[in-house]
Amino acid sequence: MLSPRELDRYKRQILLFGEEGQERLKKANLFIAGAGGLGSPIAIYLAVAGVGTITLADNDIVELTNLNRQILHDDVDIGKKKTVSAEEKLTALNPDITIRVIDQTIDENNAAQLVGKADGILDAMDNYPTRYVLNDTAIKKKIPFFHGAIRGLYGQATTVIPGKTACLRCIFPKAPPKEVFPVVGVTPGFIGMVQVTEALKYLVGTGDLLANRLFIWDGLTSHVEEIRLEQDPACPSCGIKPTKERTKI
Amino acid sequence: MSITIRFFARFREMLGTDILVEHGDGLFLTDLIRNVASGNKEGVDAIFDEEGNFREYVILMRNRRRVDNRKASLVTASDGDEIAVFPPVAGG
């Protein structure tokens with residue numbers, strides 16, 4: 001049941017989602033993996049939209065070089081744990097929701113426990129090995145995985161619905177080499193908004209998701225493209241016969 | 001026959017995109033992409049390994065359908081094909 005204060009706070013989006021939709025957001029629990037470039041705008045917009053419980057996991061400390069894009073953190077936060085900084089900002093943005101922070105590195109041993117009973121996972125990682133762990137966790141828990149990734153002015157997003165769509169490993173079976181990637185804040189801002197839009201639609205039950213669709217943003221030329229995807233029957237994560245390559249969770 | 005090659009992300013920065021290739025029948029996808037990239041060593045090295053095979057993480061799509069890049073040297077292009085080549089983007 002929405003309180004009078006919540007009815008007021010979310011008045012303009014209740015016009016869009018209805019009170020029932022807002023109730024669904026209030027009851028939802030989403031896990032954000034990372035409080036960096038993607039995780040910052042994702043957390044901010046999930047919080048102000050009224051997603052009832054947000055769990056944010058990150059093990060890093062705020063550094064000066066983060067501040068061109070990681071908008072959850074301010075200059076005064078340099079040296080603080082990102083989780084501490086994030087909790088302060090998100091609580092100030094919306095005190096009517098529950099913010100949980102986890103100051104740990106996600107790996108295959110703790111992923112299932114950290115994600116817990118979340119209704120979905122938002123990918124705000126900066127590497128594929130951890131993304132594969134989260135992808136496999138989502139498959140095991142039968143919850144959606146809202147993927148996003150960026151480099152420079154270029155970004156991609158898709159929504160993995162276990163059992164229904166291609167998973168991350170169907171699309172990208174092999175991780176690219178690690179690099180210090182160039183980035184300007186608008187790109188994770190843009191892709192993070194695509195991921196949040198997907199998560200909100202999924203929770204409310206409206207619209208069409210990026211299911212079996214890879215959304216590609218080329219900010220250099222301002223082009224949006226889409227590539228159709230299909231599940232790989234031989235995928236080690238979600239195929240008919242998952243192999244030992246799948247992360248043990 | 002004409003084939004359109006579309007590079008994405010870092011590959012696009014090096015090689016451009018929407019490259020129209022006019023060629024006779026029977027051209028394999030690996031040769032097609034290598035020919036298009038051949039003027040740019042950085043581009044070739046980003047897409048192909050030392051043995052001339054696609055690097056394992058390179059994504060290859062033919063008419064928006066995935067092609068296993070390990071088999072691209074056995075798949076021939078057809079008139080009107082659109083071939084997309086891109087790397088996974090990893091940052092966050």
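Miscellaneous remarks
- Linear extension gain, residue A:8 paired with residue A:75, 0.36 nm per residue minus alpha-carbon span: 20.9 nm
- Around the amide H of residue A:56, modelled in the peptide plane, lie the amide H atoms of A:32, A:100, A:101, A:102, all under 5 Å away and 5 or more residues distant in sequence or on another chain.
- Springs join every pair of Cα atoms under 10 Å in this Gaussian network model of chain A, and among A:152, A:18, A:189 the largest mean-square fluctuation is at A:18.
- Gyration tensor verdict on the stretch A:34-125 (Cα atoms; rounded if a/c is under 1.5, prolate if a/b is larger than b/c, oblate otherwise): oblate
- Highest GNM mean-square fluctuation among A:214, A:30, A:15, for chain A modelled with Cα contacts below 10 Å: A:15.
- Mean separation of Cα contacts under 8 Å (6+ apart) over length of chain A, as relative contact order %: 19 percent
- Rounded, prolate or oblate (a/c below 1.5 giving rounded, otherwise prolate when a/b exceeds b/c) for chain A by Cα gyration tensor: rounded
- Estimated dipole of chain B in Debye, rounded to 20 [Cβ of Lys and Arg +1, of Asp and Glu -1, Cα centre]: 340 debye
- Rounded to 5, percent antiparallel among DSSP beta bridges of the stretch A:4-228: 50 percent
- Excluding same-chain neighbours fewer than eight residues apart, the lysines reachable from residue A:81 by a Cα-Cα span under 20 Å are A:89.
- Average partner coverage of A:146-157, which counts Cβ from other chains inside 10 Å: 4
- The aspartates and glutamates whose alpha-carbon is closer than 18 Å to the alpha-carbon of residue A:11, local same-chain residues fewer than 8 away aside, are A:19, A:20, A:23, A:96.
- When the charge dipole of the protein assembly as shown is built from unit charges on Cβ atoms (+1 for Lys and Arg, -1 for Asp and Glu) and taken about the Cα centre, the candidate among A:18, A:184, A:91 whose Cα reaches farthest toward its positive end is A:18.
- Derived scalar couplings ³J(HN,Hα) [the stretch A:73-82; Karplus, 6.51 cos²θ - 1.76 cosθ + 1.60; whole Hz; x for Gly, Pro]: 10, 10, 4, 5, 8, 4, x, 7, 4, 4
- Lys, Arg +1 and Asp, Glu -1 on Cβ, resulting dipole of chain A about Cα centre, debye, nearest 20: 720 debye
- Along the axis of the charge dipole computed for the protein assembly as shown (Cβ charges of +1 for Lys and Arg, -1 for Asp and Glu, origin at the Cα centre), the listed residues A:101, A:197, B:9 are led at the positive end by A:101.
- Too-long pairs where the Cα-Cα distance tops 22 Å, listed order kept, from A:117/A:140; A:27/A:80; A:140/A:174; A:27/A:201: A:27/A:80
- Karplus-based coupling profile of the stretch A:39-52, in residue order and whole Hz: x, 5, x, 4, 5, 4, 7, 5, 5, 6, 6, x, 5, x, with θ = phi - 60° in 6.51 cos²θ - 1.76 cosθ + 1.60 and x standing for Gly or Pro.
- Between the stretch A:103-168 and the stretch A:16-54, the C-alpha centres lie 16 angstrom from each other.
- Cα gyration tensor, chain B - rounded (a/c under 1.5), prolate or oblate: rounded
- Shielding of B:1-10 by partner chains, average beta-carbon count, 10 Å: 3
- Dipole-positive endmost among B:32, B:76, B:61 within the stretch B:2-86 (Cβ charges, Cα centre): B:61
- Distant-in-sequence amide H partners of residue B:17 (H built 1.01 Å from N, under 5 Å): none
- Residues with amide H under 5 Å from that of residue A:210, placed H, sequence gap 5 or more: A:159
- Of all DSSP-defined beta bridges confined to the stretch B:2-86, some 75% are antiparallel rather than parallel.
None of the figures in this text is laboratory data; all of them are computed from the coordinates on show. Because the structure is predicted, anything quoted here is derived from the model rather than measured. Neighbour counts are summed over all protein chains in view; Cβ atoms, including those assigned to glycine, are modelled from backbone coordinates with ideal geometry.
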